[in-house]
Amino acid sequence: MPEYIRSGSVEEAVGLIAEHGSSLWIMGGGTIVMQVLESGADYWQYIMGLDGLALDGIERANGSWRLGATATATQIRAQPDLPALAAAARMVGGPALQNAATVGGNIYARSPQGDLAVVLLALDARLHLATADGEQAPSLGEFYDDWEAAGRTPPGLLTAIEFAEPAGEVVFMKCGRRRFNSASVISVAVNVAQKDGKVTEARIALCGAGPHAQRCAAAEEAILGGKLDDAAIARAAAAAAAACAPVTDTVASEWYRRRMVGVYLRRALAQLA
Amino acid sequence: MTTKVLRLNVNGEDTLVPVGPMATLQEVLRDKLELTSVKVGCAQGGCGSCSVLIDGELRLACLTPAEAADGCTVTTLEGLNESNSIVPIQQSFIENYAAQCGFCTPGMLVATKALLERNPKPSRDEIIEALSGNLCRCTGYLPIIKAVEDAAAALSGKQSA
Ligand SMILES: Cc1cc2nc3c(=O)[nH]c(=O)nc-3n(C[C@H](O)[C@H](O)[C@H](O)COP(=O)(O)OP(=O)(O)OC[C@H]3O[C@@H](n4cnc5c(N)ncnc54)[C@H](O)[C@@H]3O)c2cc1C
Ligand code: FES
Ligand code: FES
């Protein structure tokens, strides 16, 4: 079994990550890491906990939000001024799980987990990664592109997530098998700004429809520039269902997920029409 | 194999416990401290039968490395029993036949206690949500929800509906 270690500072944590490479696994709330360890996998020499680094602050200043990487789902669901993200946090497992689950860990979760990440994509969030080569600040979309290109998560310690106060309206919807504490079949987040009856900005993200949460350009293009009417919404829903690449697992089949992507995207956009 | 010695306050008592690498809090509470109200349902975070309070917060002992709880206050159902603070909730579970095999009951009681500390007069929906991480495979949820409703009413001094 690996050894549990802590670091006294972000600098020290970055040093440990650089020193131990893939034999060290970072643990936020541990709700995924501990499951993997308890299932018997023990490839790692070290598990590095983040408690003690004080990375759990939530701040709002000058038109932007900054969430510390270890802010929990419980902390986030208590933010009335972030209604879509709070709604997503409320849907991450049950209350005991929410007391442990961090927003940082959610970004690294594999689909269909990632209910916070899908909202953060719609908010066009930027990550702050502390690495041996200094601080990096990719957008969440770029981070996932790098992940796919390299076939593994980009190295470094995620310290914070930042996003501007949304200009548009943001809606999160989740299709689960139960009302609470239910793994996502899929979830969707939309962030749409409209002016003079036309859609001026559209960010649409899906979770459970690929290896991790991701934006859906085809659905965004289907509504950008025009009126958000039934026809446009139907085009976006059809485009998303066609473009997505869900998996079959114990929660739902690929077929059902694809259907639900269309249904839930339509319902989410209809709230803004 | 390196053993570390943790300092925990468990159910009001300061305790030094030697633990092996990545031992879970669940293993330590059950196997070292014999607090067997902490059940092992799934060991995957999915059932809530290992619910405990860490520094007063509801947590799953199976997903908590014991070392992450070093220096913390841990309360199990045994601790709530000793302080007698759980008795009205237990009474209500008995009266409502809210335990059949009883496996999920310790977790249900700890989660109920955590809820009522935070929200002494929960609505039915709030009770359902607060217990949503705790699975019961045999009693069924209706008697459990009723038991929590009655316990909340009894504790907040109003008549049960
Ligand atoms: C019963 C159950 C139900 C669940 N339900 C849901 C659900 O409904 N929706 C959902 O989205 N998820 C769900 N999850 C998954 C999980 O709990 C959440 O995704 C959670 O947010 C993960 O965060 P964590 O801090 O616990 O992650 P951890 O287990 O600590 O880490 C997960 C991954 O992230 C990496 N990581 C964590 N923090 C950092 C950091 N700061 N820097 C770099 N890497 C980091 C870790 O190395 C690891 O690879 C559920 C899990 C369980 C056990
Ligand atoms: S044993 Fe911990 S949640 Fe099931
Ligand atoms: S009483 Fe048997 S599992 Fe709940």
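Each 10 Å bin from zero up to the one holding the largest Cα-Cα distance in segment B:16-161 carries the following percent of pairs: 12, 44, 32, 11, 1, 0.
Please give the helix B:105-118 orientation as an angle from the longest Cα principal axis of chain B, in degrees from 0 to 90, rounded to the nearest 10. The two axes meet at around 80 degrees. Dimensions of the protein assembly as shown along the principal axes, based on C-alpha atoms and rounded to the nearest Å, stand at 65, 60, 42, largest first. In a DSSP loop and with at most 14 other Cβ atoms within 10 Å, there are no trypsin sites (Lys or Arg not before Pro) in segment B:1-105.
In chain A, the longest principal axis of the Cα atoms and the axis of helix A:254-270 are about 60 degrees apart. Helical runs assigned H by DSSP (4 residues or longer) give the protein assembly as shown a calculated mean residue ellipticity at 222 nm of -9500 deg cm²/dmol, each run adding -39500 (n - 2.57) before division by the residue total. Summed over the residues of the protein assembly as shown and divided among them, the accessible surface reaches 44 Å² per residue at a probe radius of 1.4 Å.
For residue B:6, the residues whose amide H sits under 5 Å from its own are B:17, B:19, ignoring neighbours fewer than 5 places away on the same chain, with H placed 1.01 Å from N. For segment B:93-98, putting each phi into the Karplus relation 6.51 cos²θ - 1.76 cosθ + 1.60 with θ = phi - 60° gives couplings of 5, 5, 5, 9, 6, 8 Hz, in residue order, rounded to whole numbers and with x for Gly and Pro.
Express in whole angstrom the spacing between the alpha-carbon centres of segment A:1-37 and segment A:221-236. For segment A:1-37 versus segment A:221-236, the Cα centre distance is 45 Å.
Taking the Cα centre of the protein assembly as shown as origin and charging only Cβ (+1 Lys, Arg; -1 Asp, Glu), how large is the dipole, in debye to the nearest 20? The partial results should precede the final answer.
Numbers: 36 positive and 47 negative charges, 335 e Å.
In total the dipole reaches around 1600 debye.
For residue B:32, a cut-off of 29 angstrom between C-alpha atoms picks up these lysines, skipping any fewer than 8 places away in its own chain: B:4, B:113. Below 8 Å between Cα atoms, with a sequence gap of 6+, how large is the relative contact order for segment A:1-79 in percent? Answer for segment A:1-79 is 34 percent. Each of residue A:131 and residue B:57 was given a label point 7 Å from its Cα along the Cα-to-Cβ line. The distance between the two points is 3.0 nm. By a straight-distance test (C-alpha under 22 Å), which lysines pair with residue A:195 as possible cross-link partners, with residues fewer than eight away in the same chain excluded? Of all the lysines, those that pass the test against residue A:195 - Cα under 22 Å, at least 8 places apart if same chain - are A:227.
By the rule of a C-alpha distance below 20 Å, with chain neighbours fewer than 8 residues away ignored, the aspartates and glutamates paired with residue B:39 are A:38, B:27, B:31, B:55, B:57, B:67, B:78, B:82.
Inside 10 Å of the C-beta atoms of B:50-62, what's the mean count of C-beta atoms belonging to other chains?
Numbers: counts 1, 3, 1, 1, 3, 0, 0, 6, 8, 6, 9, 1, 3.
Going residue by residue through B:50-62 and averaging, the value is 3.
The values are calculated or read from the model by the stated rules, or taken from the named source; none is laboratory data. Note that the structure is a prediction, hence the values are computed from the model and not measured. Every residue, glycine among them, receives a Cβ derived from its backbone with ideal geometry; neighbour counts consider all protein chains shown. What goes into the accessible areas is simple: the full protein's heavy atoms, side chains included, and nothing from ligands, DNA or RNA. Shrake-Rupley method; radii C 1.70, N 1.55, O 1.52, S 1.80 Å.
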